[in-house]
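Enquirer: One structure, pasted below without further comment.
The numbers here are math on the coordinates, done by the rules we state, and not lab data. Note that the structure is a prediction, hence the values are computed from the model and not measured. Because the Cβ atoms are built from the backbone with ideal geometry, glycine has one as well, and the counts that use them run over all protein chains shown.
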């Protein structure tokens, strides 16, 4: 998983986030001595992922879920098929390797809230506060400045005039990022 542009820090848990919003669930779960597979094996997680898949046009997901519900929840077949459903949905990806190298279980941004309630009540409350900050507009400025930062940096590599502009605008953008990210707990990596 590449293109990591941000990290969320929650009480020492460093959670990488990609440009497209996918986040490393392994990093969150590890903070609480858990693994994302434990969440993925829960029926309510599978029901949510299935409903999300159906809302986005994957009607096979519902039939698969109904078949899984017919199995005993403690059986190996149940465990295997319920995780298979999550991965087949396209909302869950796994990557081999260490977390530092992009390894772990990565979840689609549409799963952030439902997954965020699972590992720990403190994390769920922290997540609710971040969502509140974003909904009230404090997150949009950070995201806008982050995007501008990446665009200007890209222009600097394209041509000499862009490089000169980059040298002038970079300190301004870095200052704006520093002013906005502490409110949300994001760190920007350009």
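Enquirer: Taking the Cβ of each residue in 19, 145 as the centre, tally the other Cβ atoms inside 10 Å and list the residues starting with the fewest.
Expert: Fewest-to-most ranking of 19, 145: 19, 145.
Enquirer: Would you mind calculating the gained length between residue 121 and residue 74 on full extension (0.36 nm times residue separation, minus the Cα-Cα distance), in nm to one decimal?
Expert: Separation in residues times 0.36 nm, less the Cα-Cα distance, equals 14.3 nm.
Enquirer: Please work out how much length the chain gains when fully extended from residue 163 to residue 66, using 0.36 nm per residue of separation minus the C-alpha to C-alpha distance, in nm with one decimal.
Expert: 29.2 nm
Enquirer: Please rank 89, 98, fewest neighbouring Cβ atoms within 10 Å first, as an exposure proxy.
Expert: 98, 89
Enquirer: Moving on. How do 87, 68, 49 rank when sorted from fewest to most other Cβ atoms within 10 Å of their own Cβ?
Expert: Neighbour counts put them in this order, fewest first: 87, 68, 49.
Enquirer: Quick one: Cα centre-to-centre distance for the range 90-114 and the range 31-62, in angstrom?
Expert: Cα centroid to Cα centroid, the span is 13 Å.
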